[in-house]
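> Encoded as structure tokens, here's the structure I'll be asking about.
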Amino acid sequence: MRGARLGYVDTIRGVAALAVIYFHFADHLVKTGQAGGGLERALFQALTQSVDLGKVAVVMFFAVSGFVVPYSLDARSRTPIWDFAIGRFFRLYPAYWLSIPMGICAFYLALGRDLPVSTGLANLTMLQQFAGIENIIGLYWTLQIELIFYGLCVLLFCAGLLQRTGGLAGAAMVMLAAAVLMAVARYHLGKALPVALPLALAIMFWGTLWRRWHVDGQGEGPREGQPAARRAALGILALIALAIPVISVLAYGRDLGFGETWYRYTATYWVALLLFALMTTRCRIEAPLFAWLGAVSYGLYLFGPVAQEVVIAAARSTGLVVPGHALIAAAMLVALAIAAQVHRFVERPCIRLGRRLIADRSHPGIPKGLPFGRLPG
């Protein structure tokens, strides 16, 4: 389905991207003993140790992907899979590739670290972590989950399940069950198995169900399917909410070297789901500023760590003692400046190119606004 752009989703994207920058800088200040004192230190500790603000934002990003991405698979096209692949490629890879040399400069050259050529080349694929190769910028791991979600969406689409409420609910339950089983295995084996992967995928498929209820207002038909979509969205949400503390206790009840605590994971996921549910229903926020933040949010996310390193280096070189929130504000401004240019000169031209390639292969003369997975007539 090619629906109208949802302004409140842009707001979620933009706010989440800024929250990731805030978290990473606050976490750095706490860990290096530069968090100051009083209220600022207490706030930093609350948002990094009691609740993981960065992960709250990432979980909301995952839910947004479920809310949006499956609707790029359009059965009206003669080549829906090809069109989907082109659209996703030109959306993700150009800006991602630009972030790699900037990441190398910020996290390797500036710090005197060596980077094997094989690591740099592997990072070009966005698949490096599947081969156990280091991410040049740490947050690349979330993009790899996105790619898995894209692949699952294609498989469900080909099977005729992505278009059905039952298919989406089934996929979410399978992923949630996999997360629980992986958490059990992690508990017994004491190995850091990637429990977050299937849990993230379950949340993504829930995001699609949530949209089918709140935006489409339909499941298998314009009116008849709405109760099914509502039941599925609420049922999967309840299952995820109930499973999260179980998964957290099993997977993160003991620290495997990553500073893990089960209660922080539980609180983080619950807060993320609650905020996403509110910001897509009763607390929708739409404004030109937030629309712009949403448009540049991918660049904000990718280049936020680079902006943080730039600000840290500038503060160190000047020898100034600057309040933590002033440093974070500076990092956000640097990231916004970079993201704005990347959006203008890289993302928008590449997205337009992808759309032109897709248009050349699409059905001519088909009316817009049909539900995804449905042919006209």
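The values are calculated or read from the model by the stated rules, or taken from the named source; none is laboratory data. The structure presented is a predicted model; accordingly, all values stated were derived computationally and were not measured. No Cβ is skipped: glycine too gets one built from the backbone with ideal geometry, and neighbour counts run over all protein chains shown. Heads up: the accessible areas ignore ligands, DNA and RNA and are worked out on the full protein's heavy atoms, side chains in. Shrake-Rupley method; radii C 1.70, N 1.55, O 1.52, S 1.80 Å.
> Please compute P(r) over all alpha-carbon pairs of the stretch 64-171, binned at 5 Å starting from zero, and give each bin as a whole-number percent.
2, 11, 19, 19, 15, 12, 10, 7, 4, 2, 0
> At a 10 angstrom cut-off on C-beta neighbours, averaged per residue, how do the peptides 18-24, 151-157 rank from highest to lowest?
By packing density, highest mean first, the sequence is 18-24, 151-157.
> Beyond 21 Å, what percent of the Cα pairs of the stretch 182-321 remain?
Pairs farther apart than 21 Å: 62 percent.
> Where the centroid of each part is defined by its Cα atoms, how far is the stretch 79-133 from the stretch 18-53 in Å?
28 Å
> Kirkwood-based Rg over Rh for the stretch 1-133 (C-alpha set), two decimals?
1.06
> Okay, next question. When only Cα pairs under 8 Å and 6 or more residues apart are kept, what is the percent relative contact order across the stretch 81-230?
Answer for the stretch 81-230 is 15 percent.
> Carbon and sulfur atoms: what percent of the 1.4 Å accessible area of the chain do they account for?
C and S fraction of accessible area: 67 percent.
> Explain nothing, just the number: relative contact order of the stretch 1-103, from Cα pairs under 8 Å at least 6 residues apart, as a whole percent.
Relative contact order comes out at 31 percent.
> Follow-up question, since we're still on this one. Given DSSP loops and a limit of at most 15 other Cβ atoms within 10 Å, what is the longest stretch of the chain that contains no such trypsin sites (Lys or Arg not before Pro)?
My reading of the result: 114-190 is the longest stretch.
> Moving on to the next point. Checking a compactness column here: for the stretch 85-142, what do you get for Rg(Cα) / (2.2 N^0.38 Å), N being the number of residues?
1.13
> When a/c reaches 1.5 or more, the comparison of a/b and b/c decides; with that in mind, is the stretch 113-214 rounded, prolate or oblate per its Cα gyration tensor?
oblate
> Each residue of the stretch 281-286 in order: what ³J(HN,Hα) in whole Hz does its phi give by Karplus 6.51 cos²θ - 1.76 cosθ + 1.60, θ = phi - 60°, with x for Gly and Pro?
10, 7, 10, 5, 10, 9
> Got the relative contact order for the chain handy, in percent, Cα pairs under 8 Å and 6 or more residues apart?
Relative contact order here is 32 percent.
> Follow-up. Under a 1.4 Å probe, what is the accessible area of the chain per residue, stated in Å²?
45 Å²
> Right, here's the next one. Beyond 26 Å, how much of the Cα-Cα pair distribution for the chain remains, as a whole percent?
Tail fraction, whole percent: 54.
> Same structure, new question: Based on DSSP H runs of at least 4 residues, each adding -39500 (n - 2.57), what is the mean residue ellipticity at 222 nm of the chain after dividing by all its residues, to the nearest 500 deg cm²/dmol?
-22000 deg cm²/dmol
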